[in-house]
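First the structure, in the form of structure tokens, and then the observations on it.
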Amino acid sequence: MTNSARPPSLASMIDPFGRHITYLRVSVTDRCDFRCVYCMSEHMTFLPRRDLLTLEELERLCAAFIRKGVRRIRITGGEPLVRRDVMSLFEKLGSRIGSGGLDELTLTTNGSQLSRYAQMLRQTGVRRVNVSLDTRDADRFRRITRWGELGPVLRGIDAALDAGLSVKINTVALRGINEDEIADMLEWAHGRGMDMTLIETMPLGDVDGDRVDQYLPLSLVRARLAQRYSLTDLDYRTGGPARYMRVGETGGRLGFITPLTHNFCESCNRVRLTCTGRLFMCLGQDDEADLREPVRASTDDALLEASIDEAISRKPKGHDFIIDRRHRAPALARHMSVTGG
Ligand code: SAM
């Protein structure tokens, strides 16, 4: 049953604009084994480990959100699969799927560790994973990720499919970097039964380069694809911000996440928790709530739940990203690796 089909519980979180908050994204680490050019600078300073919530504390926070109406949790990062013992969190949360209040537990990963973890993920109850992949060319892959290797990622995708997981490929559209490869990647993904979603670069964090040069509006990509393929709008939703189309020639689904060319905030059902317990009510705004303090202040959850309520009452109407030559600085100092996208 999807969350939209389920009647909201009495405890449900409703923000000032009447939106039900049913989706929690949890970044379990800010560390990553890649340094993608649009996401991070090459020399990142990561959080000291002592600042991180333990996996038990993260689970307690997730449990509080589930009690308050969250039906879907996505684990993300940094690279979530580089956090030590992260499978124990998947096991605990996976046991809440169904009668424990959770409809779905998913993961966003760069795929580098998937061959090791795909089977285990499936056993914990994960059914869908998003794998971020911007190119299938090994040299380009190294240029984009700075530190990554393509081979293990492709083997990770194979392992996920072999384990029976639905895989969606997330591709950031980058001007002059992968724009000539998008149709090719689409045919490859759909040929293997995977959905694909294209994402616009968002102005988050300093990346040692000029984002104006990387930014490629998806309206342009879509117009180009429409010359080659028949694209039909679909009602299909996964709970995230993507708008989907059916590609007639491949039979597969193609999603578009367009935070810059189209503001999708009116249907936002999400909040984001970081590995230090900061809750961001909007990916594109700075306002946050500290949940580490209430989680550590008392073993009783009353304080924590009151802090969550207070945070939801501050969820903003939307974000306002701009990328153009007059706005060269990032809209937000925070990198995507803090909140996990
Ligand atoms: N490491 C995992 C991964 O690669 O999927 C999870 C975290 S990563 C930050 C989540 C997604 O955000 C990836 O698809 C990545 O390409 C995307 N991303 C990172 N920075 C971005 C930015 N500035 N604009 C748009 N997407 C971005």
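The values are calculated or read from the model by the stated rules, or taken from the named source; none is laboratory data. Being a predicted model, the structure only gives us computed values, none of them experimental. Don't worry about glycine lacking a Cβ; one is built from the backbone with ideal geometry, like all the others, and counts go over all protein chains shown. Each accessible area value is taken on the protein alone, full model and side chains, heavy atoms only, with ligands, DNA and RNA left out. Shrake-Rupley method; radii C 1.70, N 1.55, O 1.52, S 1.80 Å.
Magnitude of the Cβ-charge dipole of the chain, K/R +1 and D/E -1, about the Cα centre, nearest 20 debye? Working shown, then result.
On the way: 50 positive and 46 negative charges, 89 e Å.
Roughly 420 debye for the chain.
Given Cβ point charges of +1 (Lys, Arg) and -1 (Asp, Glu) and nothing else, what value in debye, to the nearest 20, does the dipole of the stretch 68-224 about its Cα centre take? Show your work: numbers first, answer last.
Numbers: 24 positive and 22 negative charges, 163 e Å.
Dipole size: approximately 780 debye.
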* Net charge near D300, counting Lys/Arg +1 and Asp/Glu -1 over other residues with Cβ under 15 Å of its Cβ? -> -1
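So if the hydrodynamic radius of the chain is defined as the Kirkwood radius over C-alpha pairs, what does Stokes-Einstein give as its diffusion coefficient at 20 °C and 1.002 mPa s, in µm² per second?
Details: Rh = 20.4 Å.
In µm²/s, the coefficient is 105.
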* **Among G191, L89, P217 the positive-end extreme of the charge dipole of the chain (Cβ point charges)** => G191
* Between the stretch 127-141 and the stretch 32-54, the alpha-carbon center distance in angstrom -> 19
* Determine the per residue accessible area of the stretch 141-217 with all protein chains present and a 1.4 angstrom probe, expressed in square angstrom. => 36
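With charges only on Cβ, +1 for K and R and -1 for D and E, what is the dipole size of the stretch 223-275 about its Cα centre, in debye, rounded to 20? Walk me through the numbers on the way to the answer.
Values: 8 positive and 4 negative charges, 32 e Å.
That gives a dipole near 160 debye.
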* **Efficiency of FRET between E42 and Q119 - r from beta-carbon atoms, R0 30 angstrom, step 0.05** => 0.35
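Give the carbon-plus-sulfur fraction of the accessible surface of the chain in %, rounded to a whole number; probe 1.4 Å, heavy atoms of protein chains only. Walk me through the numbers on the way to the answer.
Working: 7040 of 14600 Å².
Looking at the chain in its full context, I get 48 percent from C and S.
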* Each residue of the stretch 70-77 in turn: what ³J(HN,Hα) in whole Hz from Karplus with 6.51, -1.76, 1.60 and θ = phi - 60°, glycine and Pro shown as x? -> 6, 10, 9, 10, 10, 8, 8, x
